[in-house]
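Colleague: Below: one structure in structure tokens.
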Amino acid sequence: MNNTSSNKTIPRLKLLDFSLRISVIPLSIASLCLTIGTNEDNPDYGSIKFLNFSGLKYMVAVAAIAAGYGVVAAISTWIPCLVNKAWLFFVSDQVMAYLMLTSEAAGAELMYLAYKGDVDVAWSEACTAYPHFCTNLKLALLLHFLALFCFLFLALISAFRAFSMFDPPFSPDRSTGLN
């Protein structure tokens, strides 16, 4: 890649990076609010709320961390600093992507059990008794997944930025037959 092309790529990459960081904030907050606000009462089975499930509590905690991190990271993207932030973003974006992935998996497992149940442990499906809860949880998981998708792209961008500071590893000359 020549220098002119590289100079055009960096501002576009910075804009994409910033846009993804800003996008994470409302997606995480919406997922968090929807999960917290989802309560349903059933006269036959009682009430159900997110506090009844540790997986949903974990998902809410990670969504709150993601929203907070999104705000701090978006602001710090545009603040010039004496320290190179590439490695800081690389590590923190990786951690956030993994946290989002694990919390999405925990929520998806609960969603699966709510719709299908688990006969082996005598857990029947719950979505016929609590349809509002399941619908809101499904929407919260979709929003959480979109935030996860943003973090996966951010992890790729920050990895590109961190590792593009270095020259590529030495490649032996293939014409000499050295490997």
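Colleague: Just name the residue that is farthest from residue 70 (Cα to Cα) out of those in the stretch 120-162 that are in contact with a strand residue (DSSP E or B) (Cβ under 6 Å, 6 or more places away or on another chain) and not in a loop (DSSP other than H, G, I, E, B). Outline the logic, then answer.
Modeller: Let us first name the residues in the stretch 120-162 that are in contact with a strand residue (DSSP E or B) (Cβ under 6 Å, 6 or more places away or on another chain), namely 129-130, 132-133.
If we keep only those that are not in a loop (DSSP other than H, G, I, E, B) as well, we get 132-133.
On the way: 132: 30, 133: 28 Å.
The extreme case among them is 132.
Colleague: List every residue pair whose Cβ atoms sit under 6 Å apart, with the two residues 6 or more apart in sequence or on different chains, where the first one lies in the stretch 125-144 and is closer than 19 Å to residue 105 by Cβ and the second, anywhere, is of a type in the set (Asp, Glu) and crowded, with 16+ Cβ neighbours inside 10 Å.
Modeller: Going by the 6 Å Cβ cut-off, the qualifying pairs are 144/104.
Colleague: Another question about this same structure. Considering 20, 99, which residue is of a type in the set (A, V, I, L, M, F, W, C), surrounded by 15 or more Cβ atoms within 10 Å (Cβ to Cβ) and at pLDDT 95 or above? Before the answer, list the steps.
Modeller: Numbers: 20 fails: at pLDDT 95 or above.
Every option except 99 fails the conditions.
Colleague: Which number in (1) over 30 Å from residue 131 (Cα atoms); (2) in contact (Cβ under 8 Å) with a residue 40 or more places away in the chain; (3) of a type in the set (Gly, Ala, Ser) marks the one condition that residue 19 misses?
Modeller: With (1) over 30 Å from residue 131 (Cα atoms); (2) in contact (Cβ under 8 Å) with a residue 40 or more places away in the chain; (3) of a type in the set (Gly, Ala, Ser) applied to residue 19, the lone miss is (2).
Colleague: Still on this structure, I have one more. Can you find a residue that is modelled with pLDDT of 95 or more and under 15 Å from residue 61 (Cα atoms) anywhere in the stretch 126-139?
Modeller: So far as the stretch 126-139 goes, no, none of its residues is modelled with pLDDT of 95 or more and under 15 Å from residue 61 (Cα atoms).
Colleague: Answer yes or no as to whether residue 84 is closer than 27 Å to residue 159 by Cα, at pLDDT below 90 and surrounded by fewer than 18 Cβ atoms within 10 Å (Cβ to Cβ).
Modeller: Working: closer than 27 Å to residue 159 by Cα: yes; at pLDDT below 90: yes; surrounded by fewer than 18 Cβ atoms within 10 Å (Cβ to Cβ): yes.
The answer is yes for residue 84.
The values are calculated or read from the model by the stated rules, or taken from the named source; none is laboratory data. Everything numeric in this text was worked out from a predicted model, so none of it was measured. Because the Cβ atoms are built from the backbone with ideal geometry, glycine has one as well, and the counts that use them run over all protein chains shown.
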